[in-house]
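Here the structure comes first, spelled out in structure tokens, and everything after it is commentary.
The values are calculated or read from the model by the stated rules, or taken from the named source; none is laboratory data. Please read all numbers here as calculations on a predicted model, not as lab measurements. Neighbour counts are summed over all protein chains in view; Cβ atoms, including those assigned to glycine, are modelled from backbone coordinates with ideal geometry.
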Amino acid sequence: MDFFNSMNVSASALSAERTRMNLISSNLANANTTRTPEGGAYKRKDAVFAATPMRDSFDKVLNNAANRDIRQVKVMQVIEDQNPPRLQYDPSHPDANAQGYVALPNVNVVEEMADMINTTRSYEANVTAIQAAKGMAMKALEISSK
Amino acid sequence: MPIDGIFNTTIDLLGKNIDLRVKNQNLISSNIANAETPNYVPKSLAFEDELQGALKGGHKGTPSVTDPRHIPLKGTKDRLQSVTGRVLETPAETPGKDGNAVELENEMTKMSENQIMYNASVQILSKKFAGIRAAISGGSGGN
């Protein structure tokens with residue numbers, strides 16, 4: 001049914017935005033982490049989104065042209081920001097180098113907060129889209145019900 | 001009175017309109033879902049003119065009916081059914097740095113517009129059926 005396509009697309013976006021929100025939380029939580037299992041300071045992580053066609057079943061292949069243009073969103077990969085770490089002079093820190101500088105994560109807290117607001121708004125927009133599709137489906141049931 | 005007189009083209013037209021509005025809703029949700037995807041170009045369904053053409057006749061080379069005594073080569077009903085709409089790319093004038101051309105405000109506006117038009121069609125269709133029901137029951141409002 002057509003309404004479920006619309007809802008599935010929005011649901012894919014909700015899940016992608018949630019993944020991004022998790023990464024933002026991780027970045028904020030580790031804004032000052034100097035030790036990681038990979039060694040060195042924590043590196044900022046970001047999700048790469050890609051638009052993928054909704055053609056996972058035979059039924060959908062048979063759908064008409066209008067449905068072929070529908071794209072759901074997927075998190076293709078999680079990348080690590082390769083920008084250099086922030087260096088802070090603190091000779092007393094156990095992770096300081098020979099010159100007395102500590103390598104801190106390349107996380108910009110202000111940038112993360114802005115990303116967080118962006119993610120929240122996108123999430124809300126998709127929730128609204130789901131509600132709209134649901135409202136339309138329910139409205140269709142009202143036809144000829146007095 | 002022929003049965004075509006009761007279920008006239010209005011019902012077909014409204015049904016097709018509802019159908020196409022759902023397809024448009026699918027495209028709009030796709031645009032909203034991909035509001036953060038790099039290089040995504042939003043799409044929308046244009047069908048109003050095509051639907052109007054199908055109603056008037058003379059659409060896509062079909063001879064138009066300009067006189068009630070003309071015999072249409074293809075009925076209005078078939079013409080209405082064959083309307084599929086065209087998928088248009090509607091990129092924003094200033095795409096972002098990542099090549100994404102979705103404007104969320106624009107898409108939300110299009111979505112509510114689409115929803116209102118859909119609800120209006122459903123409402124009119126319901127009233128249409130209610131009118132027929134009233135005629136069947138002799139206007140007594142009985143079931």
| message | Criterion first (in a helix (DSSP H, G or I), out of contact with any Asp or Glu (no Cβ under 6 Å at 6 or more places or on another chain), among the polar types (S, T, N, Q) and modelled with pLDDT of 90 or more) does residue A:67 satisfy it? | response | no
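Do you know which residues across the range A:103-146 are charged (D, E, K, R) and free of Cβ contacts under 8 Å to residues at least 24 places away in the same chain?
Applying the first criterion (charged (D, E, K, R)) to the range A:103-146 yields A:111-112, A:115, A:121, A:124, A:134, A:139, A:142, A:146.
Those that are charged (D, E, K, R) and free of Cβ contacts under 8 Å to residues at least 24 places away in the same chain: A:111, A:121, A:124, A:139, A:142, A:146.
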| remark: Of the candidates B:97, B:110, the one satisfying the condition of being more than 10 Å from every other protein chain (Cβ to nearest Cβ), farther than 26 Å from residue A:144 by Cβ, surrounded by 14 or more Cβ atoms within 10 Å (Cβ to Cβ) and out of contact with any Asp or Glu (no Cβ under 9 Å at 6 or more places or on another chain) is B:110
| said: For the range A:94-146, which positions are over 30 Å from residue A:3 (Cα atoms), surrounded by 14 or more Cβ atoms within 10 Å (Cβ to Cβ) and small (Gly, Ala, Ser)? | reply: A:96, A:103
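Looking at the structure I just gave you, is residue A:89 over 20 Å from the mean Cα position of the chain (by Cα), buried (at least 17 other Cβ atoms within 10 Å of the Cβ) and within 30 Å of residue A:40 (Cβ to Cβ)?
Spelling it out, it is not the case that residue A:89 is over 20 Å from the mean Cα position of the chain (by Cα), buried (at least 17 other Cβ atoms within 10 Å of the Cβ) and within 30 Å of residue A:40 (Cβ to Cβ).
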| query | Among the numbered criteria (1) more than 8 Å from every other protein chain (Cβ to nearest Cβ); (2) in contact with a Gly (Cβ under 6 Å, 6 or more places away or on another chain); (3) modelled with pLDDT of 90 or more, which single criterion is violated by residue B:45? | reply | (1)
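Name the single residue, out of those in the range B:5-42 being assigned to a helix (DSSP H, G or I) and among the β-branched types (Val, Ile, Thr), that is farthest from the other protein chains (Cβ to nearest Cβ).
Start the filter on the range B:5-42 by keeping residues that are assigned to a helix (DSSP H, G or I), which leaves B:5-6, B:9-33.
Of the ones still in play, those that are also among the β-branched types (Val, Ile, Thr) are B:6, B:9-11, B:18, B:22, B:28, B:32.
Values: B:6: 14, B:9: 17, B:10: 14, B:11: 10, B:18: 7, B:22: 5, B:28: 7, B:32: 5 Å.
Per the criteria, the residue is B:9.
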| request: Tell me which residues, restricted to the range B:10-42, are at pLDDT 90 or above, more than 17 Å from residue B:111 (Cα to Cα) and of a type in the set (Val, Ile, Thr). | output: B:37
| task | Return the only residue of A:57, A:25 being more than 11 Å from chain B (Cβ to nearest Cβ) and at pLDDT 90 or above. | result | A:25
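Take the residues in the range B:115-127 that are in contact (Cβ under 8 Å) with a residue 12 or more places away in the chain and more than 8 Å from chain A (Cβ to nearest Cβ); name whichever of them is surrounded by the most Cβ atoms within 10 Å (Cβ to Cβ). Steps first, please.
In the first step, residues of the range B:115-127 are kept if they are in contact (Cβ under 8 Å) with a residue 12 or more places away in the chain; the result is B:115, B:117-118, B:121-122, B:124-125.
Those still in the list that are more than 8 Å from chain A (Cβ to nearest Cβ) too: B:117, B:121, B:124.
Working: B:117: 16, B:121: 22, B:124: 15.
By that ranking, first place goes to B:121.
Could you tell me whether the range B:99-121 includes any residue that is among the small types (Gly, Ala, Ser), closer than 20 Å to residue B:15 by Cβ and at pLDDT 90 or above? Spell out how you get there, then give the answer.
Filtering the range B:99-121 down to residues among the small types (Gly, Ala, Ser) leaves B:99, B:101, B:112, B:120-121.
Subset that is closer than 20 Å to residue B:15 by Cβ: B:120-121.
This time we only want the ones that are at pLDDT 90 or above, so: B:120-121.
Yes, the conditions are met somewhere in the range B:99-121.
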